[in-house]
Amino acid sequence: MVDIAVVDYGMGNLRSVQQAVRKVAPGANIIVTGEPDVIASAARVVFPGQGAAPDCMREIRARHLDRVIAGVVSEGKPFLGICMGLQVLFEHSEEGDTPCLGMFQGPVKRFASGLHDAQGNKLKVPHMGWNQVHHGDHPLWRGIDQDARFYFVHSYHVQPGDAGLVQATSDYPQPFVCAAARDNLFAVQFHPEKSAAAGLKLLQNFINWNPL
Amino acid sequence: MLAKRIIPCLDVTAGRVVKGVSFVELRDAGDPVEIAKRYDDQGADELTFLDITASSDDRSIIFHIIEKVAEQVFIPLTVGGGVREVQDVRNLLNAGADKVSINTSAVVNPQLVADASARYGSQCIVVAIDAKQVAPGKWEVFTHGGRKATGLDAVEWAKKMQTLGAGEILLTSMDQDGQKKGFDLALTRAVTDALEIPVIASGGVGNLQHLADGVKIGGADAVLAASIFHFGEYTVQQAKEYMAKQGIEVRL
């Protein structure tokens, strides 16, 4: 019985995700895998991702993970997307003009260049570092302070077409959506596995989450 | 808003954290895993490990250290030193590093930066630049731990690394390193203004005002320091509180 599958589609390093999940679920059977059957058999699925959107989508399709993900989601199993694992759930990414999975309505856009902060310093892209997250009352935020800081590293951000999907925003310098959810699907732009206590709390909430 | 990052740096050799003055005269600072945990407890935003082992025989030690740290510390870990090929990047990521820092090998083989970032993403490729002032407003890139001049202009080199796919620049002033007189602020400002990617200022921190100056005057996105933290002069928490009082956004 696989308790938690961490989906491996060859896009970067999943060891950090695995370590952090193990930390909050020490007794659980956690498997890092790209095998569709194993993912489909898991009780919960974590879907991380790094790298560029075209490469991610190519690998997801080549490994038939698009169908597996759709199956997991339709069965009502808890599903957590991280970073690229948020972006590819949307319809289309500006990065490489890439059609994505289309589970959430809306595009993925690049941060504008030439932005400055209040002190007149250039705002760099990628947006890299610890930013404050303004969140709603979804069960995954339980016990996490309002405006807690999480670790981000990304150049693109999602723009949900449906405001009902939005579970959190952050500012750079304008507000952008950094968490989206519907039913058993929850996805974040930041890296909970690298966000110290707040990140571990969110992962723990995911492990304990029983969506209806 | 996004916080400015404070990054303690651990120079590691033979399984110990050490600190030198201008790249020489090493002094023992303790066990890397214990030190990493201490800085995490103090609120460090990331940790950087530089493997300064001279011979390649002892390379396996750093992998063991990173594995141990990654089991216990859930903040970004950068590892550098001796990275020569894409396989080295892969091995460090597999050991638990989140980012890999490339220095000398980027000069010897710039394609390594392009290949590694194409394979693993820019977010995990840091290019480390050791720079030395050669004229007013002019800095040259040095390699091999600061021993070898390259003839490359530091600002132009940083721009080239950005173009090839670096996600971040770790910029060390060799003139200031270990001197405890503060960052080379003109160098930091010149590089950060020329780039779209984040710049980590490094080399020369002796007190907390130096960290604040790196951000406020140098324009750095992150500040790196070693000895002020290693030898107990200041905690990371004290550094953040000090910077916050000066109006700098930090993660407290």
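The values are calculated or read from the model by the stated rules, or taken from the named source; none is laboratory data. Predicted model, so just to flag it, every value in this text is computed and none were measured. Here Cβ is always computed from backbone atoms with ideal geometry, including for glycine, and neighbour counts include all displayed protein chains. We work out accessible area using only protein heavy atoms, side chains counted, and drop any ligands, DNA or RNA first. Shrake-Rupley method; radii C 1.70, N 1.55, O 1.52, S 1.80 Å.
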Mind listing the long-range amide H neighbours of residue A:93? Cut-off is under 5 Å, sequence gap 5 or more, other chains count too, H placed in the peptide plane at 1.01 Å from N.
A:98, A:100, A:108
Would you mind checking the radius of gyration and Dmax of segment B:76-126 based on alpha-carbon positions, in Å?
9.4, 27
Tabulate in residue order the Karplus-calculated ³J(HN,Hα) for segment B:205-217, using 6.51 cos²θ - 1.76 cosθ + 1.60 with θ = phi - 60°, rounded to whole Hz; enter x for Gly and Pro.
5, x, 8, 6, 5, 4, 5, 4, 5, x, 7, 6, 9
So what are the radius of gyration and Dmax for the Cα set of the protein assembly as shown, in Å?
21.3, 67
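Once the other residues with Cβ under 15 Å from the Cβ of residue A:90 are scored (Lys, Arg +1; Asp, Glu -1), what is the net sum? List each step's numbers first, then the result.
Working: positive: A:109, A:110, A:182; negative: A:66, A:91, A:94, A:95, A:97, A:162.
Taking every Cβ under 15 Å from that of residue A:90, the sum is -3.
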In sequence order, what are the phi-derived ³J(HN,Hα) couplings for segment A:15-31 according to the Karplus relation 6.51 cos²θ - 1.76 cosθ + 1.60 with θ = phi - 60°, rounded to whole Hz, with x for glycine and proline?
4, 4, 5, 4, 4, 5, 5, 4, 4, 8, 9, x, x, 6, 8, 10, 10
Grab the other residues whose beta carbon is less than 13 angstrom from that of residue B:32, score K and R as +1, D and E as -1, and report the net.
-2
Residues with beta-carbon under 10 Å from that of residue B:152, excluding residue B:152: net charge, scoring Lys, Arg +1 and Asp, Glu -1?
-2
Cα-based Rg and Dmax for segment A:19-92, where Dmax is the largest Cα-Cα distance (Å):
12.5, 38
Accessible heavy-atom area order of A:149, B:5, B:90, highest first, probe of 1.4 Å
B:90, A:149, B:5
Quick check on segment A:1-153: what does the Kirkwood estimate of hydrodynamic radius come out to from the alpha carbon pairs, in Å?
17.0 Å
When the solvent-accessible surface of protein heavy atoms is calculated with a 1.4 angstrom probe, in what order do A:77, B:240, B:138 fall, highest first?
B:138, A:77, B:240
Counting only the heavy atoms of the protein chains, how much of residue B:67 is accessible to a 1.4 Å probe, in Å² to the nearest 10?
70 Å²
Residues whose built amide H sits under 5 Å from the amide H of residue B:80, excluding neighbours closer than 5 in sequence, are B:49, B:50, B:51, B:101
Would you compute, from DSSP H runs of 4+ residues alone, the mean residue ellipticity of chain A at 222 nm, taking -39500 (n - 2.57) per run and dividing by the full residue count, rounded to the nearest 500?
-7000 deg cm²/dmol
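For chain B, what does the alpha-carbon gyration tensor say about shape, rounded, prolate or oblate, given a ≥ b ≥ c as the root eigenvalues, a/c under 1.5 as rounded, and a/b over b/c as prolate? Walk me through the intermediate numbers first.
On the way: a/c = 1.31, a/b = 1.03, b/c = 1.28.
Rounded, because the longest to shortest axis ratio a/c is under 1.5.
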List B:161, A:103, ordered by accessible area with a 1.4 Å probe, largest first:
A:103, B:161
Interface call, segment B:120-157: threshold 50 Å², probe 1.4 Å, accessible heavy-atom surface of protein chains, chain by itself vs complex, result B:123
Give the long-range amide H neighbours of residue B:176: residues separated by 5 or more places, or on another chain, with amide H under 5 Å away, using H modelled in the peptide plane at 1.01 Å from N.
none
Lysines within cross-link reach of residue B:159: Cα-Cα under 29 Å, excluding same-chain residues under 8 positions apart?
A:109, A:122, A:124, A:194, B:4, B:99, B:132, B:138, B:148, B:180, B:181, B:216
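What per residue convex hull volume, in Å³, comes out for segment B:1-132 when only alpha-carbon positions are used? Write down the numbers at each step before the final one.
Working: hull volume 16.6 nm³, N = 132.
Expressed per residue, the convex hull around the Cα atoms of segment B:1-132 is 126 Å³.
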Per-residue ³J(HN,Hα) for segment B:132-137, Karplus 6.51 cos²θ - 1.76 cosθ + 1.60, θ = phi - 60°, Hz, x for Gly and Pro:
9, 5, 10, 6, x, x
With no solvent term and unit scatterers on the alpha-carbon positions of segment A:69-212, Debye gives log₁₀ I(q)/I(0) at q = 0.09, 0.16 Å⁻¹ of -0.26, -0.83
